[in-house]
Amino acid sequence: MMVMRRREGEKILIGEDIVIHIEHIGRNKVKIAIDAPRELSIVAEEMKMVREENLAAASVDVAFLHRKIFPQTSSAASDM
Amino acid sequence: MHWCNTIHFGRLEYSSASAIEFCEGLPGFESERRFVVVQKPDHHPLVFLQSVQTQNLCFPALPVRAIDSRYELRVGGTDQEALGFEIAPKIGEDALVLALIALHEEDPTANLLAPVVINLRTRVAAQCIDPEMRYSHRYHLASALEAAS
């Protein structure tokens, strides 16, 4: 991994097509502008985590889930 | 009344007032804008976010306070504005706050990091990532529910 120190207003170049601009450094947040080819996906890490959890949630077998978290009432869920 | 076909609930009737609108969809499901919150007595306290556009899209969910009675909601500025809250929303009073449930190797987990927040007055909804990242996106449910029972 490469580590670089940058000040507000400075830029980092990755290859020919990607420019990362440190727009603003706040107390505990930085604002970053990224110029990159349209086909590159750029998302915050937590957004990727949320997307993966949503995809997993969408494919849950509800009857199985119910048996798993409420085993004592599982017979009631069998009609779904 | 409106209705939609669903895999889990068959033909589901709902009123405009019970539909919720995600202005930007959910991550991974950006084009899914309209859902109905379905509650079934047999599955209490589980609730379901059923898409009215896609019959086989149904997210199981639990109210965050059913998982963690001390859950504190934090909504970032952009989300708060999108949801139409002038001040920080309170769970139960201003907002219904649901954690989506997933299974990982058969273990149920709740996404407490990014709950679905529904404005109870306007029915506008958004999935809001905790700006301070205080909760897990894979909170293991088994331990929480054992503790509660």
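Numbers for the structure displayed
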read-out	value
In region B:8-32, residue surrounded by the most Cβ atoms within 10 Å (Cβ to Cβ) [restricted to those that are at the interface with chain A (Cβ under 10 Å from one of its Cβ atoms) and of a type in the set (A, V, I, L, M, F, W, C)]	B:26
Residues of region B:21-40 that turn out to be outside any strand (DSSP E or B) and either touching a residue at least 40 places away in the same chain (Cβ under 8 Å) or not basic (Lys, Arg) (or both), as a count	8
Lone qualifier among A:58, A:36 - being more than 14 Å from chain B (Cβ to nearest Cβ) and small (Gly, Ala, Ser)	A:36
Residue match in region B:116-129 (condition: surrounded by fewer than 22 Cβ atoms within 10 Å (Cβ to Cβ), over 17 Å from the mean Cα position of the chain (by Cα) and in a loop (DSSP other than H, G, I, E, B))	no
Conditions (1) in contact (Cβ under 8 Å) with a residue 24 or more places away in the chain; (2) closer than 30 Å to residue A:27 by Cα; number of the one not met by residue B:88	(1)
Residue B:35 vs. criteria surrounded by 15 or more Cβ atoms within 10 Å (Cβ to Cβ), touching a strand residue (DSSP E or B) at 6+ places or on another chain (Cβ under 6 Å) and not β-branched (Val, Ile, Thr)	yes
Residue that is over 25 Å from residue B:15 (Cα atoms), within 14 Å of chain A (Cβ to nearest Cβ) and in contact with a strand residue (DSSP E or B) (Cβ under 6 Å, 6 or more places away or on another chain), where the choices are B:110, B:142	B:110
Failed item in (1) over 22 Å from residue B:32 (Cβ atoms); (2) more than 7 Å from chain A (Cβ to nearest Cβ); (3) not charged (D, E, K, R), with residue B:98 passing the rest	(1)
Members of region B:115-146 that are within 22 Å of residue B:44 (Cα to Cα), modelled with pLDDT under 95 and hydrophobic (A, V, I, L, M, F, W, C)	B:141, B:142, B:144, B:145
Given (1) within 23 Å of residue B:34 (Cα to Cα); (2) more than 14 Å from chain A (Cβ to nearest Cβ), number of the condition residue B:71 does not satisfy	(1)
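The values are calculated or read from the model by the stated rules, or taken from the named source; none is laboratory data. Keep in mind it's a predicted model, so treat the numbers as computed, not measured. Note that each Cβ is placed from the backbone with ideal geometry, even for glycine, and that neighbours are counted across all protein chains shown.
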